[in-house]
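Heads up: the structure comes next, in structure tokens.
Since every read-out is calculated from the coordinates, none of them should be taken as a lab result. If you're wondering where the values come from, they're calculated on a predicted model, not measured in any experiment. Neighbour counts run over all protein chains shown; Cβ positions are idealised from the backbone, glycine included.
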Amino acid sequence: MRISKDKVDRIKEAILSVLYKSSPKPMFTSDIALEIIRDEEFTKKVLKELENQKLLVSIDKNPQGIVYSRRLRWRLSSKTFEAYQAIEKQKLHYNELDHTYA
């Protein structure tokens, strides 16, 4: 079964949103897949695409510096995090009643 590019883009947005909400704590691939209700292999493929686009950073070591043999954790890249912060800041200043920014 093929998934349209539009739906894959929406899944990518959902992944970025999940990682932004968990920031600064990185998440394992399996945890992200659980959050977005998708298969782990498909989620890993999408995560790799986002990493190639420089939107995510993969972490292959645990906090003690030992390399994971079969796992990866993920976090937003600095640029992506800053972009999400700017969007959130803009949302805070938007007045829903007047449809204006404060």
- Message: Cβ contacts < 6 Å: first residue within 17 Å of residue 22 (Cα to Cα), restricted to segment 75-92; second residue of a type in the set (Lys, Arg) and part of a loop (DSSP other than H, G, I, E, B), any location; separation 6+ or different chain. Result?
- Response: 77/54
- Item | From 47, 34, residue being in contact (Cβ under 8 Å) with a residue 24 or more places away in the chain and surrounded by 14 or more Cβ atoms within 10 Å (Cβ to Cβ) | 47
- Query: Which of the residues spanning segment 56-80 are hydrophobic (A, V, I, L, M, F, W, C), part of a loop (DSSP other than H, G, I, E, B) and surrounded by 11 or more Cβ atoms within 10 Å (Cβ to Cβ)?
  - Reply: 72
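For segment 37-55, how many residues meet the condition of being aliphatic (A, V, I, L, M) and part of a loop (DSSP other than H, G, I, E, B)?
Matching residues across segment 37-55 total 2.
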- Do we have any residue at all in segment 45-68 that's of a type in the set (Gly, Ala, Ser) and at positive phi? yes
